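**Q** Submitted below is the structure of interest, expressed as structure tokens.
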Amino acid sequence: MTLSPSAKAILKVLVEHIQTNQFDASNPATFIGYKRVHDILNLPMSAQTYGESLERQGLGKLADWTKKHRFPAITGLIIDTGTHVPGGGYFRMFDKDYEKDLKWWLKEIEKSLQFDWLPYLKEKDDNVPADDLVSLEPQDVETPQAIDINKPNPPTRVMYNTYRRLRDTALARRVKLLYNNRCQICGETIMLYGGELYSEAHHIQPLGAPHNGPDVMGNILCVCPNHHVQLDYGAIELNIVELTIVPEHKLGDEYIHYHNLHIYKGS
Ligand SMILES: [Zn+2]
């Protein structure tokens, strides 16, 4: 049973969040809301609630797929942000009880965080039912395996790796799409073999400790690799009036200030 494109799009969002260590299996408050996933995928509202709408547009199929393959029930990472528990449909799907099986749910999440989902995200989309195409993500949001930044080691060490791993979040890819991979600082893009354009997404206030910046569009810039390195290493200041900014992209002043105050070395 192949994963349908709509189900795969949801799986991809979850796996991306797993890869950036956003989920803590022992703390459901770190899980992701139905509305958030719905928003990330830019889905049309197709039911009364975000949960039901998502269920119809891939979530049901994803749950079904994990069940048939006896994979961890990863759809439980998507929760009602009011209760911090998935909807009743999740438990019913796996013949569990909403009241009694919370331990089972968290065990499934623990397994989901350790499971290797990547091979299933790479499978080709064969035999796609037509009704499934509506929620396909645009193909051009696929970028070469990108990465988050390993910060240089603390200055007390003499040697450090300059190896940078980049991994884009769904939002990062969306920002790159808004600018058609052109650097917001210099306007440059990089053309790869075959005409594909390449850019990098920079979280202005970096994700993860110690900066703990949020993964929101207002905190993301589309930049060329040169400017990306300069930003990461605090070599340049950010000046909002000098950036190219499209109207759909509201940059957060607070993140710009953060960069200039805490990342920029000349501050
Ligand atoms: Zn640039």
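The values are calculated or read from the model by the stated rules, or taken from the named source; none is laboratory data. Here the structure is a predicted model, which means the values were calculated and not measured. Cβ placement follows ideal geometry from the backbone for every residue including glycine, while neighbour counts extend to all protein chains displayed.
**Q** Taking ARG174 and the conditions (1) within 14 Å of the ligand (Cβ to nearest atom); (2) of a type in the set (Lys, Arg); (3) buried (at least 20 other Cβ atoms within 10 Å of the Cβ), which numbered condition does it fall short on, given that it satisfies the others?
**A** (1)
**Q** For region 64-79, which residues satisfy the criterion of being surrounded by 13 or more Cβ atoms within 10 Å (Cβ to Cβ) and out of contact with any Phe, Trp or Tyr (no Cβ under 8 Å at 6 or more places or on another chain)?
**A** Of everything in region 64-79, those that are surrounded by 13 or more Cβ atoms within 10 Å (Cβ to Cβ) and out of contact with any Phe, Trp or Tyr (no Cβ under 8 Å at 6 or more places or on another chain) turn out to be ASP64, THR66.
**Q** Among the residues of region 185-209 satisfying the criterion of being in contact with a strand residue (DSSP E or B) (Cβ under 9 Å, 6 or more places away or on another chain) and within 20 Å of HIS262 (Cβ to Cβ), which is farthest from the ligand (Cβ to nearest atom)?
**A** Looking at the filtered set, the residue picked out is HIS203.
**Q** Of the conditions (1) in contact with a helix residue (DSSP H, G or I) (Cβ under 7 Å, 6 or more places away or on another chain); (2) more than 21 Å from ASP39 (Cα to Cα), GLY252 fails just one. Which one is it?
**A** (2)
**Q** I want to confirm something. Restricting to region 210-226 and keeping residues that are crowded, with 21+ Cβ neighbours inside 10 Å and within 16 Å of the ligand (Cβ to nearest atom), which single residue is farthest from THR169 (Cα to Cα)? Spell out how you get there, then give the answer.
**A** Looking only at region 210-226, we keep the residues that are crowded, with 21+ Cβ neighbours inside 10 Å, and these are 219-224.
Still in the running and within 16 Å of the ligand (Cβ to nearest atom): 220-224.
Working: ILE220: 10, LEU221: 12, CYS222: 13, VAL223: 15, CYS224: 17 Å.
Filtering region 210-226 for residues that are crowded, with 21+ Cβ neighbours inside 10 Å and within 16 Å of the ligand (Cβ to nearest atom), the one farthest from THR169 (Cα to Cα) comes out as CYS224.
**Q** Okay, moving on. Would you check which residues across region 41-55 are at pLDDT below 90 and surrounded by 17 or more Cβ atoms within 10 Å (Cβ to Cβ) and list them?
**A** LEU41, LEU43
**Q** Which of the residues spanning region 236-267 are surrounded by fewer than 14 Cβ atoms within 10 Å (Cβ to Cβ), over 30 Å from PHE31 (Cβ atoms) and more than 12 Å from the ligand (Cβ to nearest atom)?
**A** ASN239, ILE240, VAL241, VAL246, PRO247, LEU261, LYS265, GLY266, SER267
**Q** Further, regarding this structure: Output the helices (runs of 4 or more DSSP H) that fall wholly within region 80-125 and possess 2 or more residues being buried (at least 16 other Cβ atoms within 10 Å of the Cβ), or say none. Spell out how you get there, then give the answer.
**A** Values: elements: 88-93, 102-114, 118-122.
Hits in region 80-125: 88-93, 102-114.
**Q** In region 1-52, which residues are in contact with a strand residue (DSSP E or B) (Cβ under 6 Å, 6 or more places away or on another chain) and in a strand (DSSP E or B)?
**A** The one that is in contact with a strand residue (DSSP E or B) (Cβ under 6 Å, 6 or more places away or on another chain) and in a strand (DSSP E or B): ILE32.
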